[in-house]
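The values are calculated or read from the model by the stated rules, or taken from the named source; none is laboratory data. No experiment lies behind these values; they were computed from the predicted model shown. Cβ placement follows ideal geometry from the backbone for every residue including glycine, while neighbour counts extend to all protein chains displayed.
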Amino acid sequence: MIKIMRAVCILIILSCVSFVYSQTKNLVLVKSFPDPDSKDKDNFLVHPYDVDFYRNNYIVTDAEECCLKIFSEKGDFIQKIGSKGHGPGELIDPFFSAVDTSTGNIYCVDQGNNRIVCYTKNGKYLKDIKTPFAIDDIKYYRHKIYIVVNNPANHKFINIYDKEGKLYKSFGEIFEPEILSLKFGYMLVNSNIQLNIYNDKIYAIYGALPIVQVYDKHGDYLKTLYLKMKGWKKLYKKNKKGAKTIKNHRIEVARWLGGVCIDNGLFYCYSSYFSGKLFVFDKTGNVVDEIRFKNKMTKTELAMHRFIRKDGNKFIFVDILNAQIKIYELQSGN
């Protein structure tokens, strides 16, 4: 009788586990903006790339229009900041921005002019912070500016500035002997690194390698994580091979990461390289969930989606192809 009861319990447990893992999780589109039929002359985007947030408003960089555009929580156009040029407050190729949430001041990466342009929340120009290298990402945290730079001089890819523009510290370098030994290993490391800052720790997520390097808020190295989705070893091997040669000043590598957000200690990483999946990793780098878009998309459409942020049950993406901000909700089903 005891053996029978044990067998029944095991069957129940297995059926529960099977049920949990049979649940598919999909992203369903619930909102997109701006409205392509709007008659407002400024209510449009051409090449949106990054989004930041202040008091429920969306602050969007438009690299083609060379400006920032602010939209309300409902997606209504509010304001345009900046214009094309090289003068004070003007922009060339603004891909990234960050916001000081205590004041609303905006720090916009002016890629074409090698600087960070600072504005008030109302769009008034404040100052420039000159940077000697191209910037690949920017975050504002506890009165400091964190940027990812392409620095061939010392191979340290993260700079911290105070809010006045004084360099506080440079840090960040690959600790993998295999990568360091490659002729163009530095270029492999510096391919599309994305920053997240969470609970006083700095996370550098590599765009071409399934690796996360973790630092404390002062830039001191803590540890390295490997993100172990299916196919990660193959990607690692392929990109190591690609970093052995260079062509037209570029290395031939696959960039797997299309946006990342850390929420409740979990890493949400979007990848068009892996069929448009949103992987959820735990703090050890193991996959605990996989999320897909409910509606099918082409490879091009998936590649032109850039994941920005998770906000509760909502997931915010930039659709570069259709020049819109898209809000998806998570839905579960069999």
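The table below lists the values:
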item	result
Residue check, E329 surrounded by fewer than 16 Cβ atoms within 10 Å (Cβ to Cβ), in contact with a strand residue (DSSP E or B) (Cβ under 7 Å, 6 or more places away or on another chain), among the charged types (D, E, K, R) and closer than 24 Å to L225 by Cα	no
Segment 148-180, subset loosely packed, with under 14 Cβ neighbours inside 10 Å and closer than 20 Å to G242 by Cβ, residue modelled with the highest pLDDT	E178
Residues that are within 14 Å of C108 (Cα to Cα) and hydrophobic (A, V, I, L, M, F, W, C), drawn from segment 45-93	V51, F53, I59, V60, A63, C66, C67, L68, I70, I81, L91, I92
Residue check for K25: among the charged types (D, E, K, R), at pLDDT 95 or above and part of a strand (DSSP E or B)	no
Sole residue being of a type outside the set (A, V, I, L, M), more than 23 Å from L321 (Cα to Cα), in contact with a Phe, Trp or Tyr (Cβ under 7 Å, 6 or more places away or on another chain) and touching a residue at least 60 places away in the same chain (Cβ under 8 Å), chosen from K25, K121	K121
Any hit, segment 282-292, residues being at pLDDT 95 or above, surrounded by 15 or more Cβ atoms within 10 Å (Cβ to Cβ), among the hydrophobic types (A, V, I, L, M, F, W, C) and on the phi < 0 side of the Ramachandran plot	yes
Long-range neighbours under 9 Å by Cβ, at least six apart or interchain, first residue on the phi < 0 side of the Ramachandran plot within segment 251-268, second of a type in the set (D, E) and part of a loop (DSSP other than H, G, I, E, B)	L266/D282; F267/D282
Residue tally, condition among the aliphatic types (A, V, I, L, M) and within 30 Å of D311 (Cα to Cα), over segment 239-262	4
Single residue of segment 311-322 satisfying the filter (out of contact with any Pro (no Cβ under 6 Å at 6 or more places or on another chain) and buried (at least 19 other Cβ atoms within 10 Å of the Cβ)) that is farthest from D263 (Cα to Cα)	F317
Residue satisfying all of: in segment 294-305; touching a residue at least 40 places away in the same chain (Cβ under 8 Å) and surrounded by fewer than 19 Cβ atoms within 10 Å (Cβ to Cβ); nearest to the chain's Cα centre (by Cα) among these	A303
Which numbered condition Y273 misses (of (1) modelled with pLDDT of 95 or more; (2) under 17 Å from the mean Cα position of the chain (by Cα))	(1)
Any chance S97 is at negative phi, part of a strand (DSSP E or B), at pLDDT 95 or above and in contact with a Lys or Arg (Cβ under 6 Å, 6 or more places away or on another chain)	no
Selection count where residues are surrounded by fewer than 16 Cβ atoms within 10 Å (Cβ to Cβ) and more than 17 Å from V148 (Cβ to Cβ), scope segment 100-122	6
Hey, I106 over 23 Å from R255 (Cβ atoms), modelled with pLDDT of 95 or more and touching a Gly at 6+ places or on another chain (Cβ under 9 Å) or not	yes
